[in-house]
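Chemist: Okay, here's the structure, questions in a sec.
The values are calculated or read from the model by the stated rules, or taken from the named source; none is laboratory data. Remember, it's a predicted structure, so these values are computed and weren't measured experimentally. Heads up, the Cβs are rebuilt from the backbone with ideal geometry, glycines too, and the neighbour counts pull from every protein chain shown.
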Amino acid sequence: MTARSLHEIVSAVGPKKHRTGQPIRRSSYRIGMREGDFWSAFDRRERNARMRAAERYDREGKQPGKRNGPLGHIAIEVLREMMRIIDFRTGRLDPSIDYLAERLRRTRSAVHAALKRLRSHGFLDWIRRFAPREDAEPFGPQVRQISNAYRLTLPRSAAELVRRLLGRAPPPDDDVTRRREEEERVATMLATLSAEELARFRAGDGVLGRELARLGRAIDRNAIPPRGLNPALRG
């Protein structure tokens with residue numbers, strides 16, 4: 001076996017570097033390699049809530065005197081179109097920039113800039129992809145850059161608003177505090193009860209409660225008093 005044939009065998013089973021004859025953008029993946037892990041089902045009930053969250057994010061982030069917020073109205077249009085065309089079952093979302101520009105009647109550069117803003121503010125993510133050329137010549141380019149695979153995401157503030165709009169929000173802080181204080185108060189009270197009192201509290205005054213109270217009373221009579229406590233003072 002020659003060194004050349006050994007190199008060819010190792011190359012066949014190891015990671016391959018694609019020498020394509022055509023520039024492919026950095027961090028691009030062959031179509032079909034990453035989409036299964038990147039995409040996931042999208043709940044269509046979130047569509048309106050996500051749009052409202054994005055619009056609010058843009059409005060609240062707008063600086064005085066500025067025409068647009070951090071996203072801008074074109075980015076809002078792009079996001080709305082993304083919501084319209086996403087495959088809810090699989091999460092597939094891979095429109096080309098040319099497609100979005102044509103649908104929105106915007107220039108390609110404007111759509112590209114809007115996509116970058118959506119990504120930088122946490123509303124969108126993507127992976128670059130390439131695909132083999134079906135009409136490739138033996139010594140010509142073997143692959144071509146294709147549309148990105150996109151995924152809809154949310155920054156933390158927008159995610160909290162979406163949860164509230166969908167009725168999935170956590171309870172307000174004051175309610176959480178009130179519940180915690182009540183639980184601590186009950187725990188403190190229970191710690192002072194005798195076995196009989198605790199049984200009645202837990203089981204009530206029914207047959208089971210009375211039987212457990214009887215057993216608790218027997219436990220209380222046989223309980224060892226705390227060190228230093230005069231047995232005569234036990235209740």
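Chemist: Whether any residue in the stretch 161-172 is assigned to a helix (DSSP H, G or I), loosely packed, with under 10 Cβ neighbours inside 10 Å, modelled with pLDDT under 95 and among the basic types (Lys, Arg) is what I want to check.
Modeler: no
Yes or no, residue by residue, for (1) modelled with pLDDT of 90 or more; (2) over 21 Å from Phe88 (Cβ atoms); (3) of a type in the set (Gly, Ala, Ser); (4) in the same structural domain as Arg128 (by TED's automatic domain parsing):
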position: Ser11; (1), (2), (3), (4): no, yes, yes, no
position: Gln22; (1), (2), (3), (4): no, yes, no, yes
position: Ser27; (1), (2), (3), (4): no, yes, yes, yes
position: Met33; (1), (2), (3), (4): yes, yes, no, yes
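Table: residues versus (1) in a loop (DSSP other than H, G, I, E, B); (2) aromatic (Phe, Trp, Tyr); (3) touching a helix residue (DSSP H, G or I) at 6+ places or on another chain (Cβ under 8 Å).
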site	(1), (2), (3)
Pro23	yes, no, no
Gly36	no, no, no
Ala53	no, no, yes
Gln63	yes, no, no
Leu71	yes, no, yes
Glu77	no, no, yes
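Chemist: Report, ordered by the first and then the second residue, all pairs with beta carbons closer than 7 Å, sequence separation of six or more or different chains, a first member in the stretch 43-54 that is assigned by TED's automatic domain parsing to the domain that holds Phe123, and a second member that is at pLDDT below 95 and outside any helix (DSSP H, G or I).
Modeler: Once the first residue is assigned by TED's automatic domain parsing to the domain that holds Phe123 and sits in the stretch 43-54, its partners that are at pLDDT below 95 and outside any helix (DSSP H, G or I) give Arg45/Leu166; Glu46/Leu166; Ala49/Leu166.
Chemist: Taking the stretch 120-135 as the search range and keeping residues that are of a type in the set (A, V, I, L, M, F, W, C) and out of contact with any Leu (no Cβ under 7 Å at 6 or more places or on another chain), which one is nearest to Arg50 (Cα to Cα)?
Modeler: Let us first name the residues in the stretch 120-135 that are of a type in the set (A, V, I, L, M, F, W, C), namely 123-124, 126-127, 130-131.
Now restrict to residues that are out of contact with any Leu (no Cβ under 7 Å at 6 or more places or on another chain): 126-127, 130-131.
Numbers: Trp126: 18, Ile127: 22, Phe130: 30, Ala131: 32 Å.
Step by step, filter the stretch 120-135, then rank; the result is Trp126.
Chemist: Only one of Gly228, Gly209 is modelled with pLDDT under 80, part of a helix (DSSP H, G or I) and of a type in the set (Gly, Ala, Ser); which? Break it down into steps so the answer makes sense when it comes.
Modeler: Details: Gly228 fails: part of a helix (DSSP H, G or I).
Checking each option against the conditions leaves just Gly209.
Chemist: Further question: Restricting to the stretch 93-137, count the residues that are surrounded by fewer than 19 Cβ atoms within 10 Å (Cβ to Cβ), among the charged types (D, E, K, R), closer than 29 Å to Leu161 by Cα and touching a strand residue (DSSP E or B) at 6+ places or on another chain (Cβ under 8 Å).
Modeler: 2
Chemist: So which residues in the stretch 36-55 are in contact with a Ser or Thr (Cβ under 9 Å, 6 or more places away or on another chain) and surrounded by 17 or more Cβ atoms within 10 Å (Cβ to Cβ)?
Modeler: As a first pass, look at the stretch 36-55 and keep what is in contact with a Ser or Thr (Cβ under 9 Å, 6 or more places away or on another chain): 39-42, 53.
Residues satisfying the conditions are Trp39, Phe42, Ala53.
Chemist: Could you tell me whether the stretch 56-63 includes any residue that is buried (at least 18 other Cβ atoms within 10 Å of the Cβ), over 26 Å from Gly32 (Cα atoms) and assigned by TED's automatic domain parsing to the domain that holds Arg25?
Modeler: Yes.
Chemist: Is it fair to say Ser96 is touching a residue at least 12 places away in the same chain (Cβ under 8 Å) and assigned by TED's automatic domain parsing to the domain that holds Asn48?
Modeler: Answer is yes for this residue.
Chemist: Only one of these is over 23 Å from Gly32 (Cβ atoms), in the same structural domain as Asn48 (by TED's automatic domain parsing) and not acidic (Asp, Glu): Arg129, Arg103. Name it.
Modeler: Arg103
Chemist: Out of the stretch 82-93, which residues are in a helix (DSSP H, G or I) and touching a residue at least 24 places away in the same chain (Cβ under 8 Å)?
Modeler: Met82, Met83
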